[in-house]
Each structure stands twice: as structure tokens, then as C-alpha cells.
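Have a look at the structure below, then the notes.
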Amino acid sequence: MTDDAQTTLPVDPGLLDRLWDFDDPAGTEQRMREARASMPPDSVAAHELTTQMARAMGLQGRFTEAHELLDSIDSAHPFVTCRVHLERGRLRNSAGDPQAARPLFSLAFGHASASGNPYLAVDAAHMLAIVEPDRAEDWVRMGLEIIERSGDPYARRWRGALHNNLGWTMHDRGDHERALEQFRLALDTYQASGTADQMHRARWAVARCL
């Protein structure tokens, strides 16, 4: 592979799967940092890993530091731009300001859709469903439609999260029958292609709703 190809190649979603542990954001941040150090510093993949470092910082409550790290990213690549908007939105939402997060997720959705990245488009749709509970069903339906059209194996893995999050939105507003339906759809998805932890959480959600 040429140096130019290495520079413009996006990050492998499988690599992110191996590096991420949401129960250990500090360890995740360190693994992201080490993986980034092995890549050309101005490559698309390195910039994408930087956004994931910021996400891990946010999960540790280090919001100011995470925003500063996102500010340091200098790339016009649409995938990087999309991830910056996504992670800045997640930081705002985690800090308790979903209204400030909403336009950032909308920007991310637009960039991902325009650049033909179904994985990031579904990620943005699933976050919009969280911060816009009144439109959650519309965003989940849109995310599922993107999954069906794309055939992307990584985008398909969002199906369980979409159903799970919609289930909790319905549960929180007292619509327990429809929430249970969504939790069961999430469980079906994770039983087909999920981790043991995802299946455990999905079973717990079904049991909680019952």
C-alpha cells in the first residue's frame, strides 16, 4: 500500500471494536492513543482515532479536555468531520445539554449521508433518536432503512441498539407493550450476532419491562 493510500484510508471499524471497552474508558483511551501512534499522523484513520479518544475522555467526565482534543483535529475529510460532530454532540449530551447536542448530530447525519457512510449515518440517527424522543420512532425507522439499503455488515450491528433505545424511550413514557416489543427485537438481534454482554443486557431489559 502506498503512503497516499495509507493517509486517505478510513479507520477499520473492526479495529475500533477491538479497542473499545465501554466499561473501561481510561484503558480505551490509552489503546486508542497507542493505535494512533502507529499511523501516519495526518491520516484519516489517525484523526478518527483521535475522535474516539475524545469520546473515551467524555465517558470519564473530562469534557473540557475532550472538546479541546476535538478542536485540535485539522482534517476536511467527510468521515472525520462527521465523527467530530458526533463526538462533540455526545459530549454535550453527556454533560446534560441534549438541545446543544441535537444540531451537532444533525450535521453528522448530513455529512455521513452525503459521503456514503451508512455506519456513521445510523450512528447519528440513533443519537438523534435519543435527544429527540418525540421523533425517536422516525429516526429509528430511518436508521433501519439505511441498514437495509446498505447491506453494510457493520451498519447492521446498529439494529440492536436502535431497538433497545427506542424501547427505553417508550418505557419511559409508559408505553410498556410497545417497549417490550422493541426490547424483544433487540434481544433477537443480539442472539443472532451479539456479544454475551449485549444478550445479558437485552434479557434484563425484557425482564424489567415485564
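What to note about this one:
- Dmax and Rg, reported as Rg then Dmax, of the chain (C-alpha, Å): 17.1, 56
- Taking the Cα centre of region 13-60 as origin and assigning +1 to Lys and Arg Cβ atoms and -1 to Asp and Glu Cβ atoms, the resulting dipole is close to 100 debye.
- Within the chain: Cβ-based charge dipole about Cα centre, in debye rounded to nearest 20 (Lys, Arg +1; Asp, Glu -1): 480
- In this simple spin-label approximation, Ala196 and Thr8 carry label points 7 Å from Cα along the Cα→Cβ vector, and these lie 4.4 nm apart.
- Cα centroid of region 149-205 to Cα centroid of region 111-142, whole Å: 15
- In a simple Cβ point-charge model (Lys, Arg +1; Asp, Glu -1; nothing else charged), region 158-210 has a dipole of about 80 debye relative to its Cα centre.
- Mean residue ellipticity, 222 nm, helices only, the chain: the sum of -39500 (n - 2.57) across DSSP H runs of n ≥ 4, divided by residue count and rounded to 500, is -25000 deg cm²/dmol.
- Tensor-based shape of region 50-175 (alpha-carbon gyration tensor, a/c under 1.5 rounded, otherwise prolate or oblate): oblate
- Leading residue at positive end of dipole, the chain (Cβ point charges), from Leu120, Pro41, Thr195: Thr195
- Segment Asp138-Arg33, extension gain: residue separation times 0.36 nm, minus the distance between their alpha carbons: 34.2 nm
- As a rough guide to protection, the peptides 180-188, 147-155 ranked by mean Cβ packing within 10 Å, highest first, stand as 180-188, 147-155.
Any read-out appearing in this document is the output of simple, stated calculations on the displayed coordinates, not a laboratory observation. The model shown is predicted, which means the values in this text are computed figures rather than measured ones. A quick note on method: Cβ atoms are made from the backbone with ideal geometry, for glycine too, and the neighbour counts reach across all protein chains shown.
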